[in-house]
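The values are calculated or read from the model by the stated rules, or taken from the named source; none is laboratory data. Keep in mind the model is a prediction, meaning the values are calculated, not measured. Counting neighbours? That spans all protein chains shown, and the Cβs are built from the backbone with ideal geometry, glycine included. Side chains included, ligands, DNA and RNA excluded: accessible areas come from the protein's heavy atoms. Shrake-Rupley method; radii C 1.70, N 1.55, O 1.52, S 1.80 Å.
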Amino acid sequence: MNRVAIKTYGCQMNLRDSEAVAALLRLRGYSIVENESEADIVLLNTCSVRDQAEQKALGKAGYLVARKKRNPRFLVGIIGCMAQNRGGALLDQLPDLDLIVGTQKFHHVPEHLDAIIQSMNGLGPQSSTVVDLEEETGSQDTIRDHIPDAHPVSEFVSIMQGCNMHCSFCIVPKTRGKERSRPIDSIVDEIRELVANGIREVTLLGQIVTSYGKDIMRPSAGKSPFVQLLEAVHAIPELKRIRFTSPHPRGFKQDLIDAFRDLPKLGSYVHLPLQSGSDRILREMKRPYTVAAYMEIVHGLKSAVPDLSISTDVIVGYPGETDEDFRQTEQVFTEVGFDMAYIFKYSPRSGTPSAEVPDSVPEEIKETRNQILLDHLHRQSLDRNLAYVGSTQAVLVEGRAKRGENLFMGRNPAFRKVLFPATPDHLGQIVPVAITSATVTVLQGQIAE
Ligand code: SF4
């Protein structure tokens, strides 16, 4: 009665939360299984970024609770953003759910399951559905356990939870709450432990990492708490690469731009969400920066790291977006030369301010604009990758490639995927790879003697 399967929907932060829940369950004697059909307990860690994501998880939950007819001891739980967003109302649709746990209560999942199982064994008070959604001080510092060897070389580290911004299309502030940062020492200790177990790259995670520490620390020597954290992590010997996601343009002050120049482990890649290239639409979205300010950050970063690779997030078809607004987005998109991007066709998300505004841009227009940016992205990414052919890249060897015998995968400082023949001994090392060919998504080469 202790085999648990966790199915995760949504973002990297959800994957990290699921891994932490799995690690805590293992410490409590549960076993984590991949396949739901083998599980005694299934937890759905859910996403609310779009209505569609919630409908998908609801459909899945409906299918799972039906299994309880054949096996009343089978348990089903909904955790994460949709649990936080919909709460006890989920029981209207799914009265047989056993567990509903919000985004600040992940670390209580093991004790809740223990209590439910004990009550089923008649050892504890009769329990109905456990609903745990309150805010909890310090909960952000409970997401730090890892499954050993889950990722041999590169690992994600949660540094904060929540967001204080008010982007009109976004449900995150409602599902994840206010910004709550973990203490630097706790993060550094976690990373030291990971490095001692062979990890050589960490990605610092948060909904708005550039706001890290504003709730617990002060700027020091002109450096924001986030840059202070980057410096503390950078000082960990043996750690070779540091990445972070997701930042906000407002957080890119000179200290962070200088950090890209002064902290080599940061590499030459940054994710910088734009969302729109029209100041009018940015105001509608409640994104507190202008295109000119955004471009100033880009120029600052590119002077700090000339061959910097920049990825972004863009929404096309936001309510009221005109041809001229989109032309401005297209212009920024090509001027920056993004070579990785997440492009979304706007869809109203109930519970957000923009959902109150008519979704005025026709679907076919959204599709056209989406395709135009995808075509630019394809060309810009291919041009960028072809430019690497003939060069030698410092590649951190992450693991075996999905296909190809003796073929391994790694990434260069610009986060480009590289495939090359290697051996398990190369894992976790930075090796010089001579690039011989490229496609739009991947570089290929040989380890240079
Ligand atoms: S900054 Fe990001 S997480 Fe925060 S409200 Fe805006 S889009 Fe959502």
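The figures follow:
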{"read-out": "Cut-off under 5 Å, modelled amide H: who pairs with residue 203 long-range", "value": "155, 156, 157, 243"}
{"read-out": "Heavy-atom accessible surface of the range 392-447: percent carbon and sulfur, 1.4 Å", "value": "52"}
{"read-out": "Over the range 139-385, relative contact order from alpha-carbon pairs under 8 Å, at least 6 apart, %", "value": "16"}
{"read-out": "Per residue accessible area in Å² of the chain, where ligands, DNA and RNA are left out and the probe is 1.4 Å", "value": "43"}
{"read-out": "Relative contact order for the range 392-447, counting Cα pairs under 8 Å that sit 6 or more residues apart, in percent", "value": "36"}
{"read-out": "Solvent-accessible area, 1.4 Å probe, carbon plus sulfur percent, for the range 139-385", "value": "54"}
{"read-out": "Packing-based ranking, highest mean first, of 153-161, 384-392 given that Cβ atoms within 10 Å are counted", "value": "153-161, 384-392"}
{"read-out": "Given charges at beta-carbon only (K, R positive; D, E negative), |dipole| of the chain in Debye", "value": "260"}
{"read-out": "Calculated [θ] (222 nm, deg cm²/dmol) that DSSP helices of n ≥ 4 give over the chain, each run adding -39,500 (n - 2.57)", "value": "-10000 deg cm²/dmol"}
{"read-out": "Lone cysteines, the chain (no partner Cβ under 4.7 Å)", "value": "11, 47, 81, 163"}
{"read-out": "Cα-based convex hull volume of the range 96-240 per residue, rounded to whole Å³", "value": "149"}
{"read-out": "Principal axis dimensions, largest first and in whole angstrom, of the chain by Cα", "value": "68, 56, 48"}
{"read-out": "Stokes-Einstein diffusion coefficient of the range 392-447, Kirkwood radius over Cα pairs, 10 °C, 1.306 mPa s, in µm²/s", "value": "149"}
{"read-out": "Computed Kirkwood radius, in angstrom, where 1/r is averaged over Cα pairs of the range 201-244", "value": "11.1"}
{"read-out": "Farthest toward positive dipole pole in the range 139-385 [+1 Lys/Arg, -1 Asp/Glu at C-beta], among 382, 344, 246", "value": "246"}
{"read-out": "Unsatisfied cross-links (Cα-Cα over 26 Å) in the set 105/214; 174/214; 286/366; 105/366; 174/240", "value": "105/366; 174/240"}
{"read-out": "The range 362-375 - phi-based ³J(HN,Hα) in whole Hz, Karplus 6.51/-1.76/1.60, Gly and Pro as x", "value": "x, 4, 5, 5, 4, 4, 4, 5, 4, 5, 4, 5, 4, 5"}
{"read-out": "Neighbourhood charge, 15 Å Cβ-Cβ cut-off, centred on residue 383 and excluding it, Lys, Arg +1 and Asp, Glu -1", "value": "-1"}
{"read-out": "The range 139-385 - Kirkwood radius from inverse mean 1/r over Cα pairs (Å)", "value": "19.1"}
{"read-out": "Reach of residue 402 by Cα under 19 Å, taken over lysines that are not fewer than 8 positions away in the same chain", "value": "417"}
{"read-out": "13 Å beta-carbon shell around residue 240, net charge (K/R +1, D/E -1)", "value": "+1"}
{"read-out": "Rel. contact order, % - alpha carbon contacts under 8 angstrom, at least six apart, the chain", "value": "10"}
{"read-out": "Protection-proxy order for peptides 346-355, 274-283, 40-49, each taking the mean of Cβ atoms within 10 Å per residue, highest first", "value": "40-49, 274-283, 346-355"}
{"read-out": "J(HN,Hα) series, the range 165-181, from Karplus relation 6.51 cos²θ - 1.76 cosθ + 1.60, nearest Hz, glycine and proline x", "value": "7, 10, 4, 5, 9, 10, 9, 4, x, 6, 8, 10, x, 6, 5, 9, 9"}
{"read-out": "Restricting the range 165-194 to trypsin sites (Lys or Arg not before Pro) in coil, as DSSP defines it, with at most 16 other Cβ within 10 Å", "value": "178"}
{"read-out": "Under 22 Å from residue 68, Cα to Cα: lysines that are on another chain or at least 8 residues apart", "value": "7, 56, 60"}
{"read-out": "³J(HN,Hα) computed for each position of the range 396-406 - Karplus, 6.51 cos²θ - 1.76 cosθ + 1.60, integer Hz, glycine/proline x", "value": "7, 6, 9, x, 6, 6, 4, 10, x, 5, 6"}
{"read-out": "Residues with amide H under 5 Å from that of residue 131, placed H, sequence gap 5 or more", "value": "100"}
